[in-house]
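Just below is one structure, and these are the notes that go with it.
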Amino acid sequence: MTAKILRVCGAVPQGLLFVYLLLILPWVAAAPPYNAVASADLLATKAGLEILDQGGNAFDAAVAISAALAVVEPTGSGLGGGGFWLLHRAADGKETMIDGRERAPFAASRNMFLNAAGEFEQQRSINGPLSAGIPGMPAAMVHLAEHYGRLPLKTTLAAAIRYAREGFAVGETYLRSIVLRYPAMKNSAAAADIFLRNGAVPEAGFRLVQKDLAHTLERIAAHGVAGFYSGPAAAALVEGTRDAGGLWTLRDLEEYRVVERDPLHAEYKGIRVTSAPPPSSGGVVLTESLNMLSGFDLRPVDTIDRKHLVVEAMRRAYRDRARYLGDPDFVSMPVERLTSMAYADELRADIRLDRAGFPVRKPSAIPAAPIEAHNTTHFSILDKEGNRVAATLSINYAFGSCFVPPGTGVLLNDEMDDFVSREGSGNIYGLTGGDPNRIEPGKRMLSSMTPTFLEDEDRVAILGTPGGSRIISMVLLATLDFAQGQAAASWVRVPRYHHQYLPDLIQYEKGGLTEREITGLQKKGHRLNETSRPYGNMQVVLWDKKNGRVTAASDPRGDGWALVR
Ligand code: DON
């Protein structure tokens, strides 16, 4: 950057230099001096930086990283899944969200996961081909490349194809998650062939080679959307799922469409918050929580009171998630009202400093959801032009549905569990809801994924994390940390606690609350539950415009890599 300016300056006549510098300086300040990538895996971060080095922009890098993660982190995301890519284009300031969320197959129906007695059979909504929505990930990658990138898919998918073909040694997260998912995995011969070793749980040193997946990626590189959603790949996907009891048809694949949606914007104490709109609940719940909290001065209050107020805001915002939110193409939602300050004022009015919950509190039987593994994934990118990407991608539970249609190498998602199958029954994350998020043919299931940008006068932050229902509360806690002026490395470390309305308890990771806070919160009437493991895998980038510094950080709870160069 400096060299470029000096070169240009050399060509400018002396008298004009001052005017010229005046014109160019704001532009200089508006472009970061470095590229930065934070993702859940070193190979994916490298794939992104390589693309930036080859002259690609952040959107090209996003394609490369999405594809690389699909290969190297099969616990979390993949071609058989979907996600949300929040974009900021520096040239014109355009902000948009690529919605590549899965859709229910056209043959899906409201009660497909209920048995004859009307009970929810969750095993069927998290394992096997019935649990899989129609993937959006390949279409979203192609859309990103065609509308925002400048490099061909052949180039941006090359690293992923190489990783799939040559293989790589799996890490600890893989080995832990495969133990958890072994019972489901061994039911799919194609999945077992790829992800197990001779039908058994692999051990450390296992090299994961995915030849079929490499071939499917090559088809996408060569034919774009048609390489996955029609032709031989589509035929294999449909035949494989149907042979195993699934409902997919060729029409499901042919009619899958990515949607560009306007992000949600909020303002919290001078910070501009840009986040995911429905069909993610992320932006709405984040905005509602921040709006409620903006009525309190959180700085001087005791940490017990502070955490109590944050929990009460979460409780109210998550209640609205359950009541109102779903796929905007199917249900009409009062998003404008929910995200208004007038509504937050109403919600805030019944928050009491001395007592947990609502004035009238119903007992709940829904248990806290287990947290066994890292699944889903997030990455953040900033390029030297100032383009930004915050992307959260998922196949839902660890290794998704654990089902691979033979010959495709594509591990399918189990995102159908994100729908509400039965009122009063929680999904795998304990989330409840009602009609807006019931299963309908072609509908997108409500998500909690919360890719987010934060901006104040000097700083730009790009962030997000996996973590099921806890994603939104993690992004909220990171936003409050940003608001206190903390560094990127601090946001990813923030001790985590969470409330999602139902179950009615504060879930916290070990160290997320001090003993004193736990006692203080109990005195106010909170029930608390320590999670079995720490949770989340946040990946962030910060650009401080005032001093020109770019930093990136990966969650110490995961194996992510954040690089700036
Ligand atoms: O879209 C959602 O909200 C979920 N499918 C995300 C799942 C997830 O983050 C799991 N991570 N631990």
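The values are calculated or read from the model by the stated rules, or taken from the named source; none is laboratory data. Remember, it's a predicted structure, so these values are computed and weren't measured experimentally. So basically every Cβ, Gly included, is an ideal-geometry build from the backbone, and we count neighbours across all protein chains shown. Note: areas computed on protein heavy atoms with side chains; ligands, DNA, RNA excluded. Shrake-Rupley method; radii C 1.70, N 1.55, O 1.52, S 1.80 Å.
For the condition touching a helix residue (DSSP H, G or I) at 6+ places or on another chain (Cβ under 6 Å), under 14 Å from Pro74 (Cβ atoms), among the small types (Gly, Ala, Ser) and surrounded by 18 or more Cβ atoms within 10 Å (Cβ to Cβ), Ala221 does not qualify. Restricting Asp435, Asp458, Asp481 to residues that are of a type in the set (D, E, K, R), more than 16 Å from the ligand (Cβ to nearest atom) and touching an Asp or Glu at 6+ places or on another chain (Cβ under 8 Å) narrows the list to Asp458.
For region 376-397, the condition holds for no residue, the condition being that it is open to solvent by less than 10 Å² (accessible area, probe 1.4 Å), more than 13 Å from the ligand (Cβ to nearest atom) and within 21 Å of Gly240 (Cβ to Cβ). Any residue that is open to solvent by 70 Å² or more (accessible area, probe 1.4 Å), out of contact with any helix residue (DSSP H, G or I) (no Cβ under 6 Å at 6 or more places or on another chain) and not in a helix (DSSP H, G or I) - is there at least one of those in region 173-190? Yes, region 173-190 has at least one match.
Evaluated against (1) open to solvent by less than 40 Å² (accessible area, probe 1.4 Å); (2) within 30 Å of Ser275 (Cα to Cα), Arg110 falls short on exactly one condition, (1). Taking region 74-89 as the range and being crowded, with 24+ Cβ neighbours inside 10 Å and either outside any loop (DSSP other than H, G, I, E, B) or hydrophobic (A, V, I, L, M, F, W, C) (or both) as the test, the residues that pass are Leu79, Gly80, Gly82, Gly83, Phe84, Trp85, Leu86, Leu87.
Arg299 meets each of the listed conditions (1) within 15 Å of the ligand (Cβ to nearest atom); (2) in a loop (DSSP other than H, G, I, E, B) apart from (1). Filtering region 492-526 to residues that are without any contact (Cβ under 8 Å) to a residue 60 or more places away in the chain and not polar (S, T, N, Q) leaves Val494, Pro495, Arg496, Tyr508, Glu509, Lys510, Gly511, Gly512, Glu515, Ile518, Lys523. Test Arg470 against the criterion of being within 14 Å of the ligand (Cβ to nearest atom) and charged (D, E, K, R), and give yes or no. In short, yes. Just one of the listed residues (Leu290, Leu286) is within 16 Å of the ligand (Cβ to nearest atom) and either assigned to a helix (DSSP H, G or I) or open to solvent by 50 Å² or more (accessible area, probe 1.4 Å) (or both), namely Leu286. Out of Ala214, Ala233, Ala226, one residue alone is within 24 Å of Arg165 (Cβ to Cβ), free of Cβ contacts under 8 Å to residues at least 12 places away in the same chain and either of a type outside the set (Phe, Trp, Tyr) or open to solvent by less than 50 Å² (accessible area, probe 1.4 Å) (or both). It is Ala226. Restricting the search to strands (runs of 3 or more DSSP E) fully inside region 464-565 and requiring at least 1 residues that are surrounded by 22 or more Cβ atoms within 10 Å (Cβ to Cβ) and of a type in the set (Phe, Trp, Tyr) gives 506-508, 539-544. What residue, among those in region 118-137 that are outside any loop (DSSP other than H, G, I, E, B) and without any contact (Cβ under 8 Å) to a residue 24 or more places away in the chain, is most open to solvent (accessible area, probe 1.4 Å)? So the residue we want is Gln123. Among the residues making up region 326-357, those that are under 20 Å from His498 (Cα atoms) and not charged (D, E, K, R) are Ala344, Leu347, Ile351, Leu353, Ala356, Gly357.
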